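The values are calculated or read from the model by the stated rules, or taken from the named source; none is laboratory data. Everything numeric in this text was worked out from a predicted model, so none of it was measured. Glycine also receives a Cβ, built like all others from the backbone with ideal geometry; neighbour counts cover every protein chain displayed. Each accessible area value is taken on the protein alone, full model and side chains, heavy atoms only, with ligands, DNA and RNA left out. Shrake-Rupley method; radii C 1.70, N 1.55, O 1.52, S 1.80 Å.
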Amino acid sequence: MIFSRLATVWMLLALALGPGCARRENSPAAPTKADAPLRKIVFQTDWLPEAEHGGFYQALAKGFYREAGLEVEILPGGPGATIKSSVATGRADFGMNRSDDVIMAASQGLPLVMVGAVLLHDPEALLVHEASPVKSVRDLAGRTVIAPPSMTWIPYVQKKYGIAFDLKRTAYGLTAFFADENAIQQCIVTSEPYFAAQHGVRVRTVSLTDEDYDPYHTIICRRELARTEPDLVRAFVAASVRGWRDYLTGDPAAANALIRARNREMSEGQLAFSRAALIERKFVLGDAARGESAGAISLERLQRQIDVLTNLKILGQPVSVASVLAQPTSPTGGTP
């Protein structure tokens with residue numbers, strides 16, 4: 001199936017604006033009727049509360065979800081969080097997951113679809129000490145990497161470049177990394193470099209991806225929910241996108257206060273560092289010069305991800321874009 005740029009534009013409008021007349025991106029959402037009951041929604045993030053979830057907490061703290069008719073409960077993730085199974089079985093209505101993970105899950109038969117982007121580009125990288133000889137992923141050959149063994153980038157890098165390296169399961173801390181100047185550890189560029197600086201350790205980050213393989217971090221839901229309640233999906237995504245724009249271009253205090261109340265180990269310094277990195281790297285709001293916008297997923301780019309995973313024989317079963325990306329019926333009653 002060939003997807004046109006028009007389909008990408010339609011999806012952005014359908015998800016970011018929702019049904020009805022178009023409105024300016026930064027204008028307030030239409031208030032709900034006072035007597036209308038709020039629809040309860042459970043949303044599970046991929047980690048403990050942090051700036052990388054700031055837009056969702058901003059939407060919650062400032063009432064954007066309530067204005068959209070939603071009562072949203074945000075469940076934290078963390079080590080061992082079973083986000084895909086929680087969403088697939090209905091314990092959560094929405095969740096956060098990488099696009100390559102969703103593609104892999106679809107190939108394994110899980111009924112999950114992406115309905116919007118959280119981060120337009122992958123913030124995961126390799127953390128190395130400043131003097132490390134590792135300059136690119138090709139330099140991993142014969143070395144040991146501290147990372148979750150389930151990550152899709154591992155077979156991608158090994159198969160694409162024909163290299164082998166050992167894995168050491170991560171403990172989600174930097175103690176082992178700090179103790180070994182040769183250590184290589186998967187990290188999030190918006191987070192771990194901050195902790196290294198706090199400990200006086202000079203580090204670099206090495207990208208895990210290239211233009212052919214750059215996963216999104218996305219909002220996911222069950223395929224059936226997207227099919228039967230597209231207005232609900234659009235409402236949640238639109239309110240979330242509104243929250244992200246407000247968090248990154250306005251005052252983040254409301255979200256940050258809620259994040260710190262729910263994660264006592266989170267500091268104002270880390271929140272400020274992560275938010276600044278999200279802004280500087282355009283992870284959420286995107287680069288308008290490249291046709292990017294908050295919440296939007298490019299169908300062509302997603303197809304390239306599927307093609308790469310298919311060609312490298314990482315997928316167990318064939319997957320199509322239509323099977324992993326929801327396109328609810330358009331507000332006019334037709335389809336794009």
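Heavy-atom accessible area with a 1.4 Å probe sorts Tyr161, Tyr194, largest first, into Tyr161, Tyr194.
Can you send over the carbon and sulfur percentage of the accessible area for the chain, probe radius 1.4 Å, protein chains only?
On the chain, the fraction of accessible area on carbon and sulfur atoms equals 52 percent.
Might you work out the accessible area of Asp166 for me, using a 1.4 Å probe with all protein chains in place, and round it to the nearest 10 Å²? Surface accessible to solvent at Asp166 totals approximately 90 Å². With contributions of -39500 (n - 2.57) from each DSSP H run of at least four residues, the per-residue ellipticity at 222 nm computed over the chain stands at -10500 deg cm²/dmol.
Which order do His199, His217 take by accessible area at a 1.4 Å probe, largest first? Walk me through the numbers on the way to the answer.
Details: His199 125, His217 15 Å².
Final ranking, largest accessible area leading: His199, His217.
By definition, a body whose alpha carbon gyration tensor gives a ≥ b ≥ c is oblate when a/c is 1.5 or more and a/b is not larger than b/c, and region 180-336 fits this oblate description.
Shape class for the chain, computed from the alpha carbon gyration tensor (a ≥ b ≥ c): oblate, with a/c not under 1.5 and a/b at or below b/c.
Are there trypsin sites (Lys or Arg not before Pro) in region 164-216 that DSSP puts in a loop and that have at most 13 other Cβ atoms within 10 Å, and which ones? Kindly include the intermediate steps, with their values, before the conclusion.
Working: sites: Lys168, Arg169, Arg202, Arg204; in loops: Arg169, Arg202.
Listed in order of number, the matching sites are Arg169, Arg202.
Suppose R0 equals 25 Å; then what is the FRET efficiency for Asp180 and Glu268 from their Cβ-Cβ distance, rounded to the nearest 0.05? My answer for the efficiency is 0.25. With each label modelled as a point 7 angstrom along the Cα→C-beta vector, the Arg91-Ile163 pair spans 3.7 nm.
Cross-linked pairs Lys135/Lys282; Lys40/Lys168; Lys40/Lys313; Lys84/Lys160; Lys168/Lys282: Cα-Cα separations exceed 29 Å for Lys40/Lys168; Lys40/Lys313; Lys168/Lys282. Accessible surface area normalised per residue over the chain is 46 Å², counting heavy atoms of protein chains with a 1.4 Å rolling probe.
Any chance you could check the Cα centroid distance between region 223-270 and region 99-166 for me, in angstrom? Here the two parts' Cα centres lie 26 Å apart.
Quick one: among Pro230, Pro133, Pro252, which has the greatest mean-square fluctuation in a GNM of the chain with alpha-carbon springs under 10 angstrom? Residue with maximal mean-square fluctuation among Pro230, Pro133, Pro252: Pro133. Anyone know which of Thr205, Thr144, Thr190 comes out most mobile in the 10 Å Cα GNM of the chain? For the chain, modelled as a Gaussian network with Cα springs under 10 Å, the answer is Thr144.
Shape class for region 148-252, computed from the alpha carbon gyration tensor (a ≥ b ≥ c): oblate, with a/c not under 1.5 and a/b at or below b/c.
Multiply the residue separation of Asp307 and Ala171 by 0.36 nm, subtract the distance between their alpha-carbon atoms, and state the gained length in nm to one decimal.
Details: separation 136, 0.36 × 136 = 48.96 nm, distance 3.23 nm.
Contour length minus the Cα-Cα distance gives 45.7 nm.
Mind checking which of Leu285, Leu174, Leu110 has the largest fluctuation in a GNM of the chain, springs on alpha carbons under 10 Å? Among Leu285, Leu174, Leu110, the largest mean-square fluctuation in the Gaussian network model of the chain belongs to Leu174.
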